[in-house]
Amino acid sequence: MINPKTPASADVPPIWAPGIIGAPTPKIARVRDYWLGGSHHLATDRRLAEQFTLCAPQLPYLVRTHRDFLRRAVTRLVRDGVHQFVDLGSGMPTVGNVHEVAQRLTPECRVVYTDIDPVVVTESRELLAGDDRTAYLHADVCRPEQILDSPELRGLLDLDEPVALLAVDVLHHVPDSAGPAELLTTYVNALGPACQVALSHTCRHEQMLDAIGLYSDIYHEPVPEFAFRSAAEVGDLLTGFEVVEPGLVPIPLWLPDADTEPDQNPEHFSGCAALARRR
């Protein structure tokens, strides 16, 4: 880990750069696993997580809220008869990820996971070894052909049957220049007329922007560029789709569990979620 008092060298890749090999290297995917209460993380990951939370104490809660939405959305989709999933920018397939939720309800559910980081992909494939109803692709979300034309997806999924596209906690990494709305349309059109998309998105919030600046100031490391959009801008990504009830809402308000204590002010949550289908 770079000493917080020592400016990062221009020759040192940023911590989130994909393809940094070696167990001691912290990975954002393992940091998220730590925040989710998993066990697939190392001391270096926990140290990085603590640095993040020093600057942005809300991050673990934010990550858990996105994961809770994923669970609720997958549960609804399976109960509606959807047994196939494509999960964009998956991270580690641990702690209530798609295959665990879906296969607990219907064992024959099939899942294609994707991530841009080859190290995360390698570790994830090891975790999923022996599950012939899952596949894990090394692919860039912004290059849909890498996913849609892959032999793994074509061999595992039946595109004549309903498929759900999961874009959960990922599109704020996709800049406007990459055309996120067009990307969603490309994926959904290719996955068949019955395809639905579950989306959650961290929204623009001054506290989060301040935290990013604070992290860079304290640890002298650059941070990735985020596309934190407003709720209205997230809604624009779903132009041409039919957003189903309860609509595009703050993440904690999307079909909350009946036995879960609600947040004090869930409507103020800096992120929104929706389930949508082709018109």
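The values are calculated or read from the model by the stated rules, or taken from the named source; none is laboratory data. Keep in mind that this is a model prediction, so the values were computed, not measured. With ideal geometry, Cβ positions are generated from the backbone for all residues, glycine too; neighbour counts draw on all protein chains shown.
Computed quantities for the displayed model
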| quantity | calculated |
| --- | --- |
| Matching residues, region 191-220, being closer than 27 Å to Asp68 by Cα, over 16 Å from the mean Cα position of the chain (by Cα) and surrounded by 13 or more Cβ atoms within 10 Å (Cβ to Cβ) | Leu191, Gly192, Ala194, Cys195, Gln196, Arg204, His205, Met208, Ala211, Ile212, Tyr215 |
| Filter pass, Thr202 being closer than 26 Å to Val98 by Cα, modelled with pLDDT of 90 or more and of a type in the set (Ser, Thr, Tyr) | yes |
| Pair list, Cβ < 8 Å and 6+ apart or interchain, from region 167-185 residues that are loosely packed, with under 14 Cβ neighbours inside 10 Å to residues that are aliphatic (A, V, I, L, M) | Pro175/Ala227; Asp176/Ala227 |
| Among residues of region 167-222, those that are of a type in the set (S, T, N, Q) and outside any helix (DSSP H, G or I), counted | 3 |
| Criterion (at pLDDT 90 or above and outside any helix (DSSP H, G or I)) met by exactly one of Glu225, Glu242, Glu233 | Glu242 |
| Flag for Gly247 being in a loop (DSSP other than H, G, I, E, B) and either modelled with pLDDT of 95 or more or within 18 Å of the chain's Cα centre (by Cα) (or both) | yes |
| Of all residues making up region 70-82, the number that are surrounded by fewer than 19 Cβ atoms within 10 Å (Cβ to Cβ), in contact (Cβ under 8 Å) with a residue 60 or more places away in the chain and outside any helix (DSSP H, G or I) | 1 |
| Any chance Leu153 is surrounded by 14 or more Cβ atoms within 10 Å (Cβ to Cβ), within 18 Å of the chain's Cα centre (by Cα) and not β-branched (Val, Ile, Thr) | no |
| Search result, residues across region 29-55 that are in a loop (DSSP other than H, G, I, E, B) and crowded, with 18+ Cβ neighbours inside 10 Å | Leu36, His40, His41 |
